[in-house]
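All remarks here apply to the structure that follows.
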Amino acid sequence: MAPAAAYDEIADWYEHEFLARDAGDPLGISTALDALLGPGSGPCLEIACGTGVRAARVRELGWTPFGVDISAAMLRHSRGRLPAVMADATRLPVRDASVPAVITVMAHTDMPAYPAVLAEAARVLAPGGRLVHVGVHPCFCGGFADRSDPAAVVIRPGYLDGHWTRASWSDQGVRDKVGATHFPLPVLLQAFVRAGLTPGQFAEGGEPVPTVLAIRARKDS
């Protein structure tokens, strides 16, 4: 099933049930945004913005959020949170070198072409601009990871495969419904470099074993 169709099917559940369980910041997502995006001004593009739930945090940091997403149903819930358009992340409707900041939040596993998405992000970033990636930790989350006991995560064979799967440690989350593409850590980091982005700051979130890996990268020219 294509990502747009998959998220169209779960958009109402995501907005009214899934997000309601995400009280506080258990995975450290907001903490990572605060630290790696940081205070600033000007437009901040969120790729795969979904229902726009991160926009308020971005706005609190001084940025002006706007977004793109491929799911019309998710975007219906984003109204009032941020201006957003339906678009393919590998073909962003944004001018070259026009924005100072781009973020992707818990979305890279939805995009099998994520290296191409990073290249598009680099295209629209102004020189000196920052890209902040916040995603599931590639070493500890995926179909290869048994997280049924968070205090004793078991890593099974499959980490190196880099495949798409619906395998998940929970039937209460997103991944068993829409699937996920896995990028081993070297593949993910190399995609930044090949896109012309220089990673310079990192953070992890979640405990006792990290669930989230966040990366801040810079476009130098």
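Bear in mind that the values in this text are calculations on the coordinates, not laboratory data. These numbers come from a predicted model, not from an experiment. With ideal geometry, Cβ positions are generated from the backbone for all residues, glycine too; neighbour counts draw on all protein chains shown.
Out of the DSSP beta bridges found with both residues in the chain, what percent are antiparallel (nearest 5)?
Counting only bridges with both partners in the chain, antiparallel ones make up about 50 percent.
Dipole of the chain, Cα-centred, from +1 at each Lys and Arg C-beta and -1 at each Asp and Glu C-beta, to the nearest 20 debye?
With only Lys, Arg, Asp and Glu charged at Cβ, the dipole is about 660 debye.
What's the longest uninterrupted piece of the chain once you rule out the trypsin sites (Lys or Arg not before Pro) that are loop residues per DSSP with at most 14 other Cβ within 10 Å?
Excluding the exposed sites themselves, the longest stretch runs over 1-78.
Determine by what factor the alpha-carbon radius of gyration of the stretch 17-66 differs from 2.2 N^0.38 Å, reporting the quotient.
1.15
So if R0 is 30 Å, what FRET efficiency would Leu189 and Thr31 give, r being the distance between their Cβ atoms, rounded to the nearest 0.05? Walk me through the intermediate numbers first.
Values: r = 21 Å, r/R0 = 0.71.
According to the calculation, E is roughly 0.90.
For the stretch 1-98, with only Lys/Arg (+1) and Asp/Glu (-1) charged at the beta-carbon, what is the dipole magnitude about the Cα centre, in debye rounded to 20?
Rounded to the nearest 20 debye, it is 320 debye.
Given the stretch 96-221, what percent of its DSSP beta bridges are antiparallel, to the nearest 5?
The antiparallel fraction comes to roughly 75 percent.
Which Cα, out of His77, Leu197, His182, lies furthest along the positive dipole direction of the chain (beta carbon charges, K/R +1, D/E -1)?
Farthest along the dipole direction, towards plus: Leu197.
Over the Cα atoms of the stretch 95-136, what is the Rg over Rh ratio if Rh follows Kirkwood? Walk me through the numbers on the way to the answer.
Values: Rg = 10.3 Å, Rh = 10.5 Å.
Using Cα coordinates only, the ratio equals 0.98.
Anyone know which of Ile47, Ile155, Ile70 comes out most mobile in the 10 Å Cα GNM of the chain?
Taking springs between Cα atoms under 10 Å, the residue moving most is Ile155.
Below 8 Å between Cα atoms, with a sequence gap of 6+, how large is the relative contact order for the chain in percent?
21 percent
Can you list the DSSP H helices in the chain whose Cα atoms extend at least 27 Å along the helix axis and whose mean Kyte-Doolittle hydropathy is 1.0 or higher?
Helices passing the filter in the chain: none found.
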